[in-house]
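> Dumping the structure here so I can ask a few things about it.
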Amino acid sequence: MILRPQLTDIKNIGYYLGKITLGLGLTMFVPFIAGLVLFKEPNPSLDFLIGAEIAVFIGLALSWFCQTERELRTAQAMVVVSLSWLVAMALGAIPLFLSGHYKSFLDTCFETMSGFTTTGLTLVQDLDHLSRTHNLWRHLGPFIGGQGIAIIAISFLVGGSSGAVKMYIGEARDEKLVPNVVNTARFIWLISIVYLILGTIILGAVGISIGLKPQSAFFHGVCIFMAGFDTAGFAPQSQNILYYHSLLFEIVTIVFMILGSFNFNLHYQLWRGNRKEIWKNIETRTFLFAVMLASLITIGALRHFGVYSGAMMLFRKGFYQIISAHTTTGYMSIYAQQFIKEWGDVALTALIIAMALGGCACSTAGGIKMLRVGIIYKALRQDLKKMLLPGSAVVAQKFHHIKTLVLEDKQVRGVLVVTCGYIFLYGLGTLVGVGLGYSPVESLFESTSAAANVGLSCGITDAGMPVILKITYIIEMWAGRLELMSVFALVGFIVAAIRGK
Amino acid sequence: MYKSKTQSAKYKVKARNLKFYVLSSSFALFALHLALCFAQPISSTELIKDAKQYDGKMVAYQGEVVGDIMIRGKCAWLSVNDGSNAIGIWVDTKLIKDILHTGSYKEKGDLVEIKGEFNRSCFEHGGDLDIHTQSIDKISSGREISQALNIKALHFALGLFYAVFLLFLLKLWRSKRGVPLL
């Protein structure tokens, strides 16, 4: 028998949702102040003041009407997390909609969901004339969402309650760097902010060296860093990374994309001086192997079919796109249509597989994740050993992830459930795309890019695409970022509210 | 004998004239073809979609100069947007002296027509899709975009501010009765 949620359950969810909304509203003051003080753009700043005020008002009202001192239960925490991403999408879309650079409010919702989930697919119109204030928000979105919307609330507003732990897990982060979840959340912010400062300085300096004016160079630096480290792939200009026409700029972004796709736990180990971890960890090993294989196939195919001839071209177009796909960043050094028109099926297949596999767990990257791929490989190896060895033999499979662990069936089951969920998501978007008249390859490419939070596009994503496809991709980006579990919890909650007794 | 000699000389002259007409008309046709190619600017969508077809050919491309002009030694990178896409333009710095406005939020950039060699994947520039410019014509000058303050939005923001402030005061008053502020 399904139990219908009580008013106290709804109040509990509303209370925590209010806190997250309040946190989101406060973050909108960043572009408001930057727009007013740094960029001297009063009208775009007003858009953010309005957005921030609406968010703060809703946040305060929710915490007023839903005032409670009850702790969150696990299912409630998951509902809070999944709802908070939808609320953030709608509220974060307000300032962008007021910019007049989007054809509909749905397009702005698509853009904010794409930003918060660190995807990077965009529906903006005339990006080259968008204000710096709005552009800063487009790039700040991934920086907030990459670390986690609930993590902001946990870090500053919720405190170290058990609800915080559940929300942290609900946001697809099941690894604690330090025993206390609040300190873990704060450490994630610390890593991100230190990298942000370093990254902005480096990219700003590179920007000046390639001919950008100093103010422009540092603006591009901060935007490209936030979207690169947080594996989102947005850029301030419509040409994306191609705009810079610079090998050095591309190399620096490759480094940040890889750093962003690494597990925060790995960053923590490196921070503590444990450098050996990077070579021992199952995720980094799997990532290295997968990148090498995908690069070999892609570069081989591009060279064989004469798409690019020189080594430099193959590096800057082939290898760059593979890194961009594998880290789920989505930075593009070619035009979207060139994938389908020029790349050929073999290179495209390697790129789609790289996107589907994604980066590391507990990072800003999306996709199935390297930890899961590594565990599936280890489980297959264990099963093969069991088949080959006598029945009485005990086969224990170990793997190293921060510490050496013995592979258990429970882990493998969990990994396979999430992997199947991702494959289902990739397939769902592909079916919708094919149903709407796009070719299977194009549909699979774009659907995988959305669900794995990559952001590479073969040209389908456009303001003129059907509404049903925009909604499908929004759902894919959201479900992919939350690794499905919190979305299932929300669906279960809605079903219980309708059919429960 | 004399007659036939004069006749053959006449034929030779005629043949020479014919050759001249054929050559000059084919040259004129070729020049017209080139002129037509340059006369009709090709859109960025067409250039990207049919990149192989235009690869290595002379094209005319028209659009607004946007973003930064990035000087690299004696040449520079321009971004020219025709409304659909921006394409990278590699140009000698001597040719860009007339470009005074580049498109951004605060400025409408100069409208230019580029004539140059289109590259699907430029060998010199690591495979970038670009145009190596031979000439630039400024069609119209850009301008600053005036940014008058949106009074309606300001009033709306002030109204919302009062609402938020009131709610906050109510919460503050409630917190004195033991209910947590946030």
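> Out of the residues in the stretch B:119-131 that are open to solvent by 10 Å² or more (accessible area, probe 1.4 Å) and more than 8 Å from chain A (Cβ to nearest Cβ), state the one that is farthest from the chain's Cα centre (by Cα).
Applying the filter and picking the extreme gives B:Glu124.
> Mind counting the residues in the stretch B:101-116 that are touching a Lys or Arg at 6+ places or on another chain (Cβ under 9 Å) and more than 14 Å from B:Gly67 (Cβ to Cβ)?
Residues in the stretch B:101-116 being touching a Lys or Arg at 6+ places or on another chain (Cβ under 9 Å) and more than 14 Å from B:Gly67 (Cβ to Cβ): 2 in total.
> Confirm whether B:Lys49 is open to solvent by 30 Å² or more (accessible area, probe 1.4 Å), within 7 Å of chain A (Cβ to nearest Cβ) and either charged (D, E, K, R) or within 26 Å of A:Ala205 (Cα to Cα) (or both).
Against the criterion (open to solvent by 30 Å² or more (accessible area, probe 1.4 Å), within 7 Å of chain A (Cβ to nearest Cβ) and either charged (D, E, K, R) or within 26 Å of A:Ala205 (Cα to Cα) (or both)), B:Lys49 qualifies.
> Something else about it: Of everything in the stretch B:136-170 that's outside any helix (DSSP H, G or I) and open to solvent by less than 40 Å² (accessible area, probe 1.4 Å), which residue is nearest to the other protein chains (Cβ to nearest Cβ)? Break it down stepwise before answering.
Pass one, the stretch B:136-170, residues outside any helix (DSSP H, G or I): B:136-150.
From what is left, the residues that are open to solvent by less than 40 Å² (accessible area, probe 1.4 Å) are B:136, B:142.
Working: B:Ile136: 18, B:Gly142: 11 Å.
Here the answer is B:Gly142.
> Next question, about the same structure. In the stretch A:210-239, which residue that is within 10 Å of chain B (Cβ to nearest Cβ) and in contact (Cβ under 8 Å) with a residue 40 or more places away in the chain is least open to solvent (accessible area, probe 1.4 Å)?
Among those residues, the one meeting the criterion is A:Pro236.
> Same structure, new question: Under the condition of being within 9 Å of another protein chain (Cβ to nearest Cβ) and open to solvent by 10 Å² or more (accessible area, probe 1.4 Å), which residue from the stretch A:54-66 is farthest from A:Thr21 (Cα to Cα)?
Going through the qualifying residues, I end up with A:Trp64.
> Which ones in the stretch B:100-118 are within 14 Å of chain A (Cβ to nearest Cβ), in a loop (DSSP other than H, G, I, E, B) and not small (Gly, Ala, Ser)?
B:His101, B:Thr102, B:Tyr105, B:Lys106, B:Asp110
> Out of the stretch B:17-49, which residues are at pLDDT 95 or above and either among the acidic types (Asp, Glu) or not in a helix (DSSP H, G or I) (or both)?
B:Ile42, B:Ser43, B:Glu46
> Going by the structure shown, is A:Gln6 surrounded by fewer than 16 Cβ atoms within 10 Å (Cβ to Cβ), within 12 Å of another protein chain (Cβ to nearest Cβ) and of a type in the set (S, T, N, Q)?
It is false that A:Gln6 is surrounded by fewer than 16 Cβ atoms within 10 Å (Cβ to Cβ), within 12 Å of another protein chain (Cβ to nearest Cβ) and of a type in the set (S, T, N, Q).
> Could you tell me whether B:Trp77 is facing chain A (nearest Cβ under 9 Å), on the phi < 0 side of the Ramachandran plot and open to solvent by less than 20 Å² (accessible area, probe 1.4 Å)?
Spelling it out, B:Trp77 is indeed facing chain A (nearest Cβ under 9 Å), on the phi < 0 side of the Ramachandran plot and open to solvent by less than 20 Å² (accessible area, probe 1.4 Å).
> Could you check the stretch A:284-331 and list, in sequence order, the residues that are more than 14 Å from chain B (Cβ to nearest Cβ), assigned to a helix (DSSP H, G or I) and among the hydroxyl-bearing types (Ser, Thr, Tyr)?
A:Thr284, A:Thr286, A:Ser295, A:Ser324
> Do we find a residue being farther than 20 Å from A:Trp189 by Cα, in contact (Cβ under 8 Å) with a residue 40 or more places away in the chain and either at the interface with chain B (Cβ under 10 Å from one of its Cβ atoms) or not hydrophobic (A, V, I, L, M, F, W, C) (or both) anywhere in the stretch A:18-29?
So far as the stretch A:18-29 goes, yes, one or more of its residues are farther than 20 Å from A:Trp189 by Cα, in contact (Cβ under 8 Å) with a residue 40 or more places away in the chain and either at the interface with chain B (Cβ under 10 Å from one of its Cβ atoms) or not hydrophobic (A, V, I, L, M, F, W, C) (or both).
> Another question, if that's okay. Consider A:Phe110 carefully, then state whether it is more than 14 Å from chain B (Cβ to nearest Cβ), open to solvent by 60 Å² or more (accessible area, probe 1.4 Å) and modelled with pLDDT of 95 or more.
no
> Okay, next question. Across the stretch A:240-249, what is the number of residues that are in contact (Cβ under 8 Å) with a residue 40 or more places away in the chain and closer than 24 Å to A:Thr461 by Cα? Outline the logic, then answer.
Within the stretch A:240-249, the first condition is being in contact (Cβ under 8 Å) with a residue 40 or more places away in the chain, and the residues that meet it are A:240-242, A:246-249.
Those still in the list that are closer than 24 Å to A:Thr461 by Cα too: A:240-242.
Within the stretch A:240-249, residues that are in contact (Cβ under 8 Å) with a residue 40 or more places away in the chain and closer than 24 Å to A:Thr461 by Cα number 3.
> From A:Val124, A:Val56, which residue is in contact with a Lys or Arg (Cβ under 8 Å, 6 or more places away or on another chain), of a type in the set (Val, Ile, Thr) and at pLDDT 95 or above?
Working: A:Val56 fails: in contact with a Lys or Arg (Cβ under 8 Å, 6 or more places away or on another chain).
Among A:Val124, A:Val56, only A:Val124 is in contact with a Lys or Arg (Cβ under 8 Å, 6 or more places away or on another chain), of a type in the set (Val, Ile, Thr) and at pLDDT 95 or above.
> Scan A:Thr74, A:Thr118 and give me the residue that is more than 10 Å from every other protein chain (Cβ to nearest Cβ), surrounded by fewer than 23 Cβ atoms within 10 Å (Cβ to Cβ) and in contact (Cβ under 8 Å) with a residue 40 or more places away in the chain.
A:Thr74
> Which one is surrounded by the most Cβ atoms within 10 Å (Cβ to Cβ), of the residues in the stretch A:185-208 that are closer than 30 Å to A:Lys166 by Cβ and either more than 21 Å from the chain's Cα centre (by Cα) or touching a residue at least 40 places away in the same chain (Cβ under 8 Å) (or both)?
So, considering only residues that are closer than 30 Å to A:Lys166 by Cβ and either more than 21 Å from the chain's Cα centre (by Cα) or touching a residue at least 40 places away in the same chain (Cβ under 8 Å) (or both), the one surrounded by the most Cβ atoms within 10 Å (Cβ to Cβ) is A:Ile188.
> Does any residue of the stretch A:379-397 turn out to be open to solvent by 30 Å² or more (accessible area, probe 1.4 Å) and within 25 Å of A:Asn274 (Cα to Cα)?
no
> Going by the conditions given, is A:Glu342 crowded, with 20+ Cβ neighbours inside 10 Å and over 27 Å from A:Ile475 (Cα atoms)?
Yes; evaluated as a whole, the condition is true for this residue.
The values are calculated or read from the model by the stated rules, or taken from the named source; none is laboratory data. Please read all numbers here as calculations on a predicted model, not as lab measurements. Neighbour counts are summed over all protein chains in view; Cβ atoms, including those assigned to glycine, are modelled from backbone coordinates with ideal geometry. Calculation scope for accessible area: heavy atoms of the full protein, side chains included, ligands and nucleic acids excluded. Shrake-Rupley method; radii C 1.70, N 1.55, O 1.52, S 1.80 Å.
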